There are 2 protein chains.
Amino acid sequence: MRYPEALDRLIEQFRRFPGIGQKTAERYALFLIDQFSEEDIVAFMETLHRVKSEIAPCTQCGHLTDIQPCTLCRDDRRKTTTMLVVEDSRDVIVIERAGLYDGQYHVLGGTLAPSRGIGPEDLRIKPLLERLKDDRFEEVILAMNLSDEGETTAMYLNRLLEGTDLLVTRIAHGMPAGGNIGYADEVTLFKSLEGRKKY
Amino acid sequence: MRYPEALDRLIEQFRRFPGIGQKTAERYALFLIDQFSEEDIVAFMETLHRVKSEIAPCTQCGHLTDIQPCTLCRDDRRKTTTMLVVEDSRDVIVIERAGLYDGQYHVLGGTLAPSRGIGPEDLRIKPLLERLKDDRFEEVILAMNLSDEGETTAMYLNRLLEGTDLLVTRIAHGMPAGGNIGYADEVTLFKSLEGRKKY
């Protein structure tokens, strides 16, 4: 016993998304049939089409945008002395929402992951080095995540930038707000202790 | 700072699905931009269109189908003496996969939920009563889930069928395979004890 073929295909398509298994995919597909009107489906299809035709990485920083270059790169009120390097566009959005940074961004588009065949040429590393030739830059903040791949990528970039005049920094890692030491993982605890400061 | 507008709309559309919050919706939208090729998007759009145009509830049993009546209702090897009443199409698929039942199905399309404005006329209850007029039916198995709404619906149907010659039964509820009493909820435990059998 299977679902009708078109429904099976929709389930398959939902299963492609990260973290969606068979049951969740079925749930989404049945929800869509039940709750989306004809117009909703048309709107959904239009959005899919627009997303693919309008949105691309910024030719300068790599952030997803519908104008080239993106609004962040265009904004000449932003400082041109610091470059914050992140893994993906979501990181940019989160940091911008927090309103804590007003320099330039560079989105790598992932992390080095030799085991999955992702090498330096698969990330926006060359464009980063090109951009950093601009003499106005004084500091490069490496804001990769605290994971094996994030750390490897940060180390790799740090080595590439050795010998330049740039100050290369790494964001702090440790216990987050609201975090409970009793439930913390070892890596976070280690970073939290290693990075301790005089009271 | 927001995402480009088309991307924001896609995020909104993903947020409509059950259990998807802002962060998960962003994750799916970014995944789609990153991982779906032009052809993948077209295929996704086609599937959405097909699902809406081809699939409808079976005119007899209410199960989602692309032929009328559905393959289950057409199958004349299936017994016509028992009617299994379920909440939705997924229940039918799961029971069929298990291969434990070979009678007729009836999909209600939900449960009674007065607090959300869902009354008997919103479910396929009248068509169920019509179908049960067929003299060949001997038993109606109420397979609603063990929830307030499922129980209410089962009670309601049971009352409607009082006075007929039909044997009305309710599926058993209790501890599931692999379940741990130490982590069981009260309702399951209650049902498990209430439904105990002589060893």
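Against the test of being open to solvent by 40 Å² or more (accessible area, probe 1.4 Å) and among the hydrophobic types (A, V, I, L, M, F, W, C), the options B:67, B:20, B:11, B:41 yield a single qualifying residue, B:67. Would you check if there is a residue in region B:164-186 being free of Cβ contacts under 8 Å to residues at least 40 places away in the same chain, under 14 Å from residue B:85 (Cα atoms) and assigned to a helix (DSSP H, G or I)? Looking through region B:164-186, none of the residues is free of Cβ contacts under 8 Å to residues at least 40 places away in the same chain, under 14 Å from residue B:85 (Cα atoms) and assigned to a helix (DSSP H, G or I). Does residue B:76 qualify as being of a type in the set (Asp, Glu), closer than 30 Å to residue B:160 by Cα and surrounded by 18 or more Cβ atoms within 10 Å (Cβ to Cβ)? Considered against the rule, which asks whether it is of a type in the set (Asp, Glu), closer than 30 Å to residue B:160 by Cα and surrounded by 18 or more Cβ atoms within 10 Å (Cβ to Cβ), residue B:76 comes out as no.
On inspection, residue B:101 does not qualify as modelled with pLDDT under 95, part of a loop (DSSP other than H, G, I, E, B) and crowded, with 18+ Cβ neighbours inside 10 Å. From the list A:29, A:25, the lone residue that is more than 9 Å from every other protein chain (Cβ to nearest Cβ) and either more than 25 Å from residue A:92 (Cα to Cα) or open to solvent by 40 Å² or more (accessible area, probe 1.4 Å) (or both) is A:25. Within region A:44-64, restricting attention to residues that are open to solvent by less than 10 Å² (accessible area, probe 1.4 Å), facing another protein chain (nearest Cβ under 7 Å) and hydrophobic (A, V, I, L, M, F, W, C), the residue that is farthest from the chain's Cα centre (by Cα) is A:44.
If you go through region A:126-155 and keep only what is touching a helix residue (DSSP H, G or I) at 6+ places or on another chain (Cβ under 7 Å) and within 14 Å of residue A:87 (Cβ to Cβ), you end up with A:142, A:143, A:144, A:146.
Which one of B:99, B:110, B:103 is more than 22 Å from residue B:166 (Cβ to Cβ) and touching a Leu at 6+ places or on another chain (Cβ under 7 Å)? Please lay out each step first, then the result.
Working: B:99 fails: touching a Leu at 6+ places or on another chain (Cβ under 7 Å); B:103 fails: more than 22 Å from residue B:166 (Cβ to Cβ).
The conditions single out B:110.
Looking at B:123, B:146, B:161, can you tell me which residue is surrounded by 13 or more Cβ atoms within 10 Å (Cβ to Cβ), under 22 Å from the mean Cα position of the chain (by Cα) and closer than 15 Å to residue B:108 by Cα? I'd like the intermediate steps shown before the answer.
Working: B:146 fails: closer than 15 Å to residue B:108 by Cα; B:161 fails: closer than 15 Å to residue B:108 by Cα.
Going through B:123, B:146, B:161 in turn, just one is surrounded by 13 or more Cβ atoms within 10 Å (Cβ to Cβ), under 22 Å from the mean Cα position of the chain (by Cα) and closer than 15 Å to residue B:108 by Cα: B:123.
The single condition among (1) on the phi < 0 side of the Ramachandran plot; (2) within 14 Å of another protein chain (Cβ to nearest Cβ) that residue B:106 does not meet is (2).
Here's a check for you: in region A:164-199, which residue that is in contact with a strand residue (DSSP E or B) (Cβ under 8 Å, 6 or more places away or on another chain) and not hydroxyl-bearing (Ser, Thr, Tyr) is surrounded by the fewest Cβ atoms within 10 Å (Cβ to Cβ)?
If we filter region A:164-199 for residues that are in contact with a strand residue (DSSP E or B) (Cβ under 8 Å, 6 or more places away or on another chain), which is where we start, we get A:166-171.
Still in the running and not hydroxyl-bearing (Ser, Thr, Tyr): A:166-168, A:170-171.
Numbers: A:166: 15, A:167: 12, A:168: 18, A:170: 17, A:171: 14.
Selected residue: A:167.
The values are calculated or read from the model by the stated rules, or taken from the named source; none is laboratory data. Being a predicted model, the structure only gives us computed values, none of them experimental. Cβ: placed from backbone, ideal geometry, glycine included. Neighbour counts: every protein chain shown. Ligands, DNA and RNA are stripped out before the accessible areas are found, and what is left, the full protein with its side chains, is counted by its heavy atoms. Shrake-Rupley method; radii C 1.70, N 1.55, O 1.52, S 1.80 Å.
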